[in-house]
Amino acid sequence: MSDEKLSAVHSSTFKADDAHIEHANAGRDQEGRLALPPRMFTKEEEAKLYRKIDIKDPPLYDRGNIGNARLVGLEADLGMSGSQYAVALSVFFVTYCLFEIPSNLCLSRFRPSLWITLLTFSWGLVMTLMGVVQNYAGLVVCRLLLGATEAGLFPGVVLLLTFWYPRDLLQRRVALFFSAATLAGAFSGLLAYAIGFMDGVGNYRGWRWIFILEGLMTILAGVLAYFVMVDRPEQAGSWLTPEEKAYVIWRKESDGSSVGEAKHISWKYVKAAFSDFQCWCALGYYTGVLTALYGVGLFTPSLINSFGTWTRPQVQLLTVPVYLAACAYVLVTAVYADRLKTRFPFLLAAQLLCLVGFTINLTPAPVGVKFFGLILCAMGAYGGVPAMITWLTGNLSGQAKRGVGSALTLGLGSLGGVASSNIYRSADAPRYFLGHGVELGLTVLGICCSCLYAFLLTRANKAKEAEQARQDALPEHEKRVYTVKELQDLGDKAPEFVYTV
C-alpha cells in the first residue's frame, strides 16, 4: 500500500474519541492523531541519531558452551552415558518454553532494563555453578535453572528493541545483538582452546573452567547492562536532546498507525496473540530454523570431531570459522533486509542454505566439502533468526500482543531444541544420518510455512487495500470511521496497518 493510500486510510477511517484522548500521550493533535515532532530529521541525521541509540543495546551472550565442555571430558568426569547427555540438553528447553511468556509479560509490566539485568545475572550465576557440579543430577538441575533464567532473554531483548526502533530499522539491531551471540560462539571455541591448557589449575578440569569463566563474564555483562540500557525513549537522559526524544517517539509511534499502538496489558491482547494465524503459521518456520540453530550450536564441536583425526584443541579452533562466517552473514543480510523493507526473501535464503548444508552432510562427500556444508548450515541457522523474529514482531501491533506472540512462537519453537538434543547420537557417528535427516525434514517444513505466511500476509494487504477502495467510493456519511481506541484495539488488523512481507 503506497504512502498516499495509507494517508487516505488515516483520514477516512478515523474519528476522535474524547474519552480516550483525555488520557492519551503527549504529541497528539486535537483529534487524537499523532502530531509531527517539533523538527523532522533528514536521513543522515536520523542515521546518526540511531547510531547513538545503538550504544545502549543489551550485552552479548553464549548458549552453546556445553558442546565445547563435552569435548574436553564433561561426560567422562560426571560418569554420563550418551543418552544422559541428550537428557541434560533436553531439559533446558522444557523450562525455556514454560517461562518465555511469563517473562515477556513481566518485561512489559516492569522496567525492561532491570528485568533483563536480573535474567542475565541469574543466567551467568547458574552457568558458573555448572562448573562445580559433581554428578549427572546436579548438571540436570543446573540445565533446568538455565532454561528458566535464559527463557526471557532473547525475546525480551527483541521486545525492548521494538520500544525504540520502527520496523524498517529493527532487523539490523536484532542482528547486532544476535551476531554478538554468534561471535560469542566463536569466542567460546577460542576460550575452550585456551582453557585446555588450564586443565588441573585449582584441581579443576578444563571443562569446569569453561563454565566458570564464561559464567563470571556473563554476570559482569549483566551488571554493566543495568547501567547502559534505557527502557524507553521518553526515559532517556541528557544523552538525547528533547528534539531527538520527540523524533524517536514519533518515528516509532507512527510506524504503521496514525494513533500509535496499545501499550497496556490486557487479557484480550493475550487472547489475540493465541488466536492470530500469524503466530501459529510462524511457529512452523521458527521450529525449522531453531532446530537447525540448536543442532549447530550444541553439536558443532562433535560434528567437526567426526570429520577427521584432529586433536581436541584443533577441533575447538575449527569451530571459530564456522561462527565467524555465520556472524558475517547475519550482519550483511540484516542491513539489506531493512534497506529493502522485506523479510521473506532473506528468511527463505537462510532456509535454503540449511537445506543445502544438511544435504551435503548426508552424502559421502570429502571432509572439506562437509566442513563447508556445516558452515552453510551455520550461516542459514543463525542468519534466519533475526529475519524470522523481526518478521513476526513487526507484524504484530500492540505491545502485549507482540510480547506474548513472540514469546509463544519462540517458546514452542524452541522445543525443536529437544529434537536437536536427541537426534545427534554418539552411536550414529561419524555420518549422523538421523540427525541430519531430521534437520533436513524440519527445514523443508519451515520453507513451506514461511511461503504460506508470505502468501497470507500478501492476501491480507490486498484485502485491506480493496476494502479501502470500496470505502472511498461510498458517500461520506456511509463510510466506516474508527475511534482512537478502536484502531488501537484492532492493532495490526486495523485497515491502516500494512503487513511487511
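Taking region 482-494 only, how many residues are assigned to a loop (DSSP other than H, G, I, E, B) and either in contact with a helix residue (DSSP H, G or I) (Cβ under 6 Å, 6 or more places away or on another chain) or over 22 Å from Ala272 (Cβ atoms) (or both)?
Count: 1.
Any residue in region 276-302 that's touching a residue at least 12 places away in the same chain (Cβ under 8 Å) and among the acidic types (Asp, Glu): show its pairings with residues that are surrounded by 21 or more Cβ atoms within 10 Å (Cβ to Cβ) and part of a helix (DSSP H, G or I) at Cβ separation under 7 Å, as long as the two are six or more apart or on different chains.
Asp276/Gly405
In region 203-246, what count of residues is obtained for those that are assigned to a helix (DSSP H, G or I), in contact with a helix residue (DSSP H, G or I) (Cβ under 7 Å, 6 or more places away or on another chain) and under 30 Å from Ser397 (Cβ atoms)?
Selection size over region 203-246: 6.
Within the bounds of region 284-297, is there any residue that is polar (S, T, N, Q) and under 23 Å from the mean Cα position of the chain (by Cα)? If you could, list the steps in order and put the result at the bottom.
Within region 284-297, the first condition is being polar (S, T, N, Q), and the residues that meet it are 287, 291.
This time we only want the ones that are under 23 Å from the mean Cα position of the chain (by Cα), so: 287, 291.
Within region 284-297 (the criterion being polar (S, T, N, Q) and under 23 Å from the mean Cα position of the chain (by Cα)), the answer is yes, since at least one residue qualifies.
Could you list, in sequence order, all residues of region 323-345 that are hydrophobic (A, V, I, L, M, F, W, C) and in contact (Cβ under 8 Å) with a residue 60 or more places away in the chain?
If we filter region 323-345 for residues that are hydrophobic (A, V, I, L, M, F, W, C), which is where we start, we get 324-328, 330-332, 334-335, 337, 340, 344.
Selection gives Leu324, Ala326, Cys327, Val330, Leu331, Ala334, Val335, Ala337, Phe344.
Out of Pro301, Pro321, I need the residue that is out of contact with any strand residue (DSSP E or B) (no Cβ under 9 Å at 6 or more places or on another chain), surrounded by fewer than 20 Cβ atoms within 10 Å (Cβ to Cβ), more than 30 Å from Lys493 (Cβ to Cβ) and not hydrophobic (A, V, I, L, M, F, W, C). Which one? Before the answer, list the steps.
Values: Pro301 fails: surrounded by fewer than 20 Cβ atoms within 10 Å (Cβ to Cβ).
So the residue among Pro301, Pro321 that is out of contact with any strand residue (DSSP E or B) (no Cβ under 9 Å at 6 or more places or on another chain), surrounded by fewer than 20 Cβ atoms within 10 Å (Cβ to Cβ), more than 30 Å from Lys493 (Cβ to Cβ) and not hydrophobic (A, V, I, L, M, F, W, C) is Pro321.
Given (1) crowded, with 24+ Cβ neighbours inside 10 Å; (2) outside any helix (DSSP H, G or I); (3) aromatic (Phe, Trp, Tyr), identify the lone condition not met by Tyr329.
(2)
Considering only region 446-460, I want to know if a residue exists there that is within 30 Å of Gln84 (Cα to Cα), out of contact with any Asp or Glu (no Cβ under 8 Å at 6 or more places or on another chain) and touching a residue at least 24 places away in the same chain (Cβ under 8 Å).
Yes, there is a match, as at least one residue in region 446-460 is within 30 Å of Gln84 (Cα to Cα), out of contact with any Asp or Glu (no Cβ under 8 Å at 6 or more places or on another chain) and touching a residue at least 24 places away in the same chain (Cβ under 8 Å).
Go through Ser90, Ser113, Ser103 for me and flag whichever is in contact with an Asp or Glu (Cβ under 7 Å, 6 or more places away or on another chain), in contact (Cβ under 8 Å) with a residue 60 or more places away in the chain and among the hydroxyl-bearing types (Ser, Thr, Tyr).
Of Ser90, Ser113, Ser103, the one residue that is in contact with an Asp or Glu (Cβ under 7 Å, 6 or more places away or on another chain), in contact (Cβ under 8 Å) with a residue 60 or more places away in the chain and among the hydroxyl-bearing types (Ser, Thr, Tyr) is Ser113.
Residues are listed down the side, and each one gets a yes or a no for (1) under 20 Å from the mean Cα position of the chain (by Cα); (2) surrounded by fewer than 21 Cβ atoms within 10 Å (Cβ to Cβ); (3) at pLDDT 90 or above; (4) under 30 Å from Thr300 (Cβ atoms):
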{"residue": "Leu410", "(1), (2), (3), (4)": "yes, no, no, yes"}
{"residue": "Arg431", "(1), (2), (3), (4)": "no, yes, no, yes"}
{"residue": "His436", "(1), (2), (3), (4)": "no, no, yes, yes"}
{"residue": "Leu440", "(1), (2), (3), (4)": "no, yes, yes, yes"}
{"residue": "Leu445", "(1), (2), (3), (4)": "yes, yes, yes, yes"}
{"residue": "His477", "(1), (2), (3), (4)": "no, yes, no, no"}
{"residue": "Val481", "(1), (2), (3), (4)": "no, yes, no, no"}
{"residue": "Lys485", "(1), (2), (3), (4)": "no, yes, no, no"}
{"residue": "Lys493", "(1), (2), (3), (4)": "no, yes, no, no"}
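Please tell me if Val404 is within 18 Å of the chain's Cα centre (by Cα) and either crowded, with 19+ Cβ neighbours inside 10 Å or farther than 30 Å from Arg70 by Cα (or both).
Answer is yes for this residue.
Among residues belonging to region 363-401 that are hydroxyl-bearing (Ser, Thr, Tyr) and part of a helix (DSSP H, G or I), point out the one that is surrounded by the fewest Cβ atoms within 10 Å (Cβ to Cβ). Give the derivation first.
Initial filter on region 363-401 (hydroxyl-bearing (Ser, Thr, Tyr)): 363, 382, 390, 393, 397.
Then keep just the ones that are part of a helix (DSSP H, G or I); that gives 382, 390, 393.
Details: Tyr382: 28, Thr390: 30, Thr393: 25.
Filtering first and then ranking leaves Thr393.
So which helices (runs of 4 or more DSSP H) stay within region 74-178 end to end and still have 3 or more residues that are surrounded by fewer than 21 Cβ atoms within 10 Å (Cβ to Cβ) and not aliphatic (A, V, I, L, M)?
82-109, 112-130
Can you name the number of the only condition in (1) within 20 Å of Leu415 (Cα to Cα); (2) at pLDDT 90 or above; (3) of a type in the set (A, V, I, L, M) that Val126 fails?
Checking Val126 against (1) within 20 Å of Leu415 (Cα to Cα); (2) at pLDDT 90 or above; (3) of a type in the set (A, V, I, L, M), the one that fails is (1).
Output yes when any residue across region 417-426 is of a type in the set (D, E, K, R) and assigned to a helix (DSSP H, G or I), and no when none is. Please lay out each step first, then the result.
The initial filter retains those residues of region 417-426 that are of a type in the set (D, E, K, R), namely 425.
Now restrict to residues that are assigned to a helix (DSSP H, G or I): none.
Checked against the condition, which is being of a type in the set (D, E, K, R) and assigned to a helix (DSSP H, G or I), region 417-426 yields no hits at all.
It is to be established whether one or more residues within region 252-271 are modelled with pLDDT under 90, surrounded by 15 or more Cβ atoms within 10 Å (Cβ to Cβ), of a type in the set (D, E, K, R) and in a helix (DSSP H, G or I).
yes
Quick grid of which residues meet (1) part of a helix (DSSP H, G or I); (2) of a type in the set (S, T, N, Q); (3) out of contact with any helix residue (DSSP H, G or I) (no Cβ under 7 Å at 6 or more places or on another chain):
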| site | (1), (2), (3) |
| --- | --- |
| Lys462 | yes, no, yes |
| Leu474 | no, no, yes |
| Arg480 | no, no, no |
| Glu496 | no, no, no |
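Kindly indicate whether Ser302 is in a helix (DSSP H, G or I), more than 18 Å from the chain's Cα centre (by Cα) and among the hydroxyl-bearing types (Ser, Thr, Tyr).
Numbers: in a helix (DSSP H, G or I): yes; more than 18 Å from the chain's Cα centre (by Cα): yes; among the hydroxyl-bearing types (Ser, Thr, Tyr): yes.
Yes: the conditions hold for Ser302.
The values are calculated or read from the model by the stated rules, or taken from the named source; none is laboratory data. Since the model is a prediction, treat every value here as computed from it, not as a measurement. Glycine gets a Cβ as well: all are built from the backbone with ideal geometry, and neighbour counts include every protein chain shown.
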